[in-house]
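The values are calculated or read from the model by the stated rules, or taken from the named source; none is laboratory data. Worth saying up front: this structure is predicted, and the values here are computed from it rather than measured. Cβ placement follows ideal geometry from the backbone for every residue including glycine, while neighbour counts extend to all protein chains displayed.
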Amino acid sequence: MNDDVKNVPNSDESEELDNIIVLNDENGDEIEFEFLDLIEYEGEEYVVLLPNDEEDADEVVILKLEDTDSEDEESYVSVEDEDVLKAVFEIFKEKFKDEFNFIDE
């Protein structure tokens with residue numbers, strides 16, 4: 001799955017839009033996420049996103065940042081390697097342990 005980011009204009013009316021990005025899913029539908037962090041792990045960059053949907057507000061999405069030919073767009077791809085996902089999530093949990101209440105499953 002390859003999700004392209006569409007730029008969301010910053011608005012003086014609402015500062016919370018500053019952390020909102022919009023991705024297109026595999027069906028071309030737009031999904032809003034709150035950008036939480038950019039984490040570097042083993043030479044790669046990963047974004048940690050929180051869906052802007054009440055149903056999925058208890059889970060984050062981790063996507064790998066990929067270079068594109070365009071300076072105006074970034075591309076994010078799903079991470080298939082469970083070990084990488086766990087490692088990036090552990091880094092995120094450590095950085096934000098005082099801001100979020102993490103539930104171990």
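Odds and ends about this structure:
- Residue satisfying all of: in segment 63-77; in contact with a Lys or Arg (Cβ under 9 Å, 6 or more places away or on another chain) and loosely packed, with under 13 Cβ neighbours inside 10 Å; nearest to Val48 (Cα to Cα) among these: Val77
- Cross-chain or 6+ apart pairs with Cβ under 7 Å, segment 50-61 first and farther than 15 Å from Lys93 by Cβ and in a loop (DSSP other than H, G, I, E, B), then modelled with pLDDT of 85 or more and not aliphatic (A, V, I, L, M): Asn52/Glu32; Asn52/Phe33; Asn52/Glu34; Ala57/Pro51
- Residue that is farthest from Val88 (Cα to Cα), among those in segment 29-43 that are free of Cβ contacts under 8 Å to residues at least 40 places away in the same chain and part of a strand (DSSP E or B): Glu30
- Any hit, segment 83-97, residues being modelled with pLDDT of 80 or more, acidic (Asp, Glu) and not in a helix (DSSP H, G or I): no
- Near pairs, Cβ below 7 angstrom, 6+ apart or cross-chain, from segment 13-27 (closer than 16 Å to Ser75 by Cα and of a type in the set (A, V, I, L, M)) to any residue that is part of a loop (DSSP other than H, G, I, E, B) and at pLDDT 75 or above: Ile20/Asn52
- Within segment 19-28, not a single residue is at pLDDT below 80 and in a strand (DSSP E or B).
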